[in-house]
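What follows is calculated from the coordinates using simple rules that are stated; it is not laboratory data. The structure displayed is predicted, hence computed values, not measured ones. Quick reminder, even Gly has a Cβ in these numbers, built from the backbone with ideal geometry, and neighbours come from all protein chains shown.
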Amino acid sequence: MKVVVRLAPSGTLYAVLEGELDTAGGQELRGRLEEFLDGRLDGGRPRRLVVDAGAVTFADVAGLRVLVWADTVMRGCGGSLVLRRPGRPLLRLIELLGFDGLLSVE
């Protein structure tokens, strides 16, 4: 999985995902997000996390677990996570497991 993470001047954190969001991809995503979400950066944690999942070709429970973790972290600090453009594999998994009421999807 390719993960590109950038922090915008507005304080919004953007993560762009490409490839398979499985165990290995989920670990890659979590590793990249932890440096921003643990509050070590100047100014603390970002208030909004936008995850662009338009290029995710496969997703499993292990990968989805990382998105739920990130959502929990963001909510815990008064922020939010938005899942943008999830592809069919990821959207189907979210719906099958009943997370469509938890995760904010655009």
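For the chain, modelled as a GNM whose springs connect Cα atoms under 10 angstrom apart, the maximal fluctuation among Asp60, Asp22, Asp38 occurs at Asp38.
Loop-only chymotrypsin sites (Phe, Trp or Tyr not before Pro) in region 16-106, please: DSSP not H, G, I, E or B, and at most 11 other Cβ atoms within 10 Å. When the chymotrypsin sites (Phe, Trp or Tyr not before Pro) of region 16-106 are filtered for loop state and at most 11 Cβ neighbours within 10 Å, nothing remains.
Put in line by how crowded their Cβ is, counting other Cβ atoms within 10 Å and starting with the fewest, Glu106, Glu18 read Glu106, Glu18.
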